[in-house]
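Presented below is the structure to which this report refers.
No lab work stands behind these numbers, since they all come straight from the coordinates. None of these values were measured; they are calculated from a predicted model. Cβ placement follows ideal geometry from the backbone for every residue including glycine, while neighbour counts extend to all protein chains displayed.
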Amino acid sequence: MTDKFDKAPAEEPPEDSPVAKAEATPASTAPPEQIKAIPVRHWGRWVSGVIVVALLGSLIYAFSQGNVQWGTVGDFIFDQRILEGMGRTLLISVLSMAIGLVLGVVFAVMRLSKNPVTGAVAWLYIWFFRGTPVFVQLLLWFNLALIFPILNIGFYKDEMVDVMTPFMVALLGLGLNEGAYMAEIVRAGIQSVDEGQTEAAHALGMKNSKTMRRVVLPQAMRVIVPPTGNEFINLLKTSSLVAVVTYVDLTRAAQNIGSTSFAVMEMLLVASVWYLVLTSIFSVGQYYLERRYARGSLRTLPPTPWQKVKRNLSSFSSPRGA
């Protein structure tokens, strides 16, 4: 006698049913067919590229056919006067940038101060030097003897024309102007640091000056460094304006040679070549400096141009099946 709770055996589906066919069919082990993506053709890029190359070629051809003595450019590219002028350009640019950095930090802190007097003084300094052209500032310093014929500061007294040499005029004109721009850059970098960092430092008993020097400024460097590099490269080119105050920099040296040899355009091309060399060198330095300060914000640094070249070369040299 069968138990009333026993179940009847399940009936098997017919052999010709879809369920039976599905159970009998083994699972396919072959990988799915890969989708071949065909990139979209951008004909506009090719057309614009051809147009740009044609315009560039026509410009080069025009210069090659112009009344330029290219041999003269090669003869004076390493002239002693040109190299000395380039050295003075580097000197005045580096010193002016150093003055601008110091003034930028000082006036940025003053502007962020809660003291209304120091904040107003910093704002006036930035407002004046950012609002007037560098060319005008250089002329003001150069002609300062018209206002103050004698410089008397108690322990030092001398005629202003002897104090305001072309070097001093160039240094003050470029350095003070750069300080106004660096103040805004440093201020933006300081404000990019979270206020909690300052509060934590104060909770540990650190004073404002030490907090700024040991906590805030190191973290702000990631924001300060990129525009500072751009400012220095721009200052390197702006320094050519000091030729108007008879400071013999690279531009002034090229002008002096051009006026005596009647090779004005050739000497300007020589100066342009050296400016391109200097800005290219400092641009590479700026890239690696920015890369160094980006280590705290990026988990993986992007490859350098040299690493990209090595990777491309290795991909070409490796076998196809590897």
- The summed charge of the Val270 Cβ neighbourhood (under 11 Å; Lys/Arg +1, Asp/Glu -1) stands at -2
- Message: Viscosity 1.306 mPa s, temperature 10 °C: what is the translational diffusion coefficient of segment 42-145 from Stokes-Einstein with a Kirkwood Rh over Cα pairs, rounded to a whole number of µm²/s?
- Response: 82
- Gap separating the Cα centres of segment 79-141 and segment 173-196, nearest whole Å: 12
- Item | Derived scalar couplings ³J(HN,Hα) [segment 282-289; Karplus, 6.51 cos²θ - 1.76 cosθ + 1.60; whole Hz; x for Gly, Pro] | 6, 5, 5, x, 4, 4, 6, 5
- Item | Overall form of segment 134-271 per C-alpha gyration tensor (a/c, 1.5; a/b vs b/c) | oblate
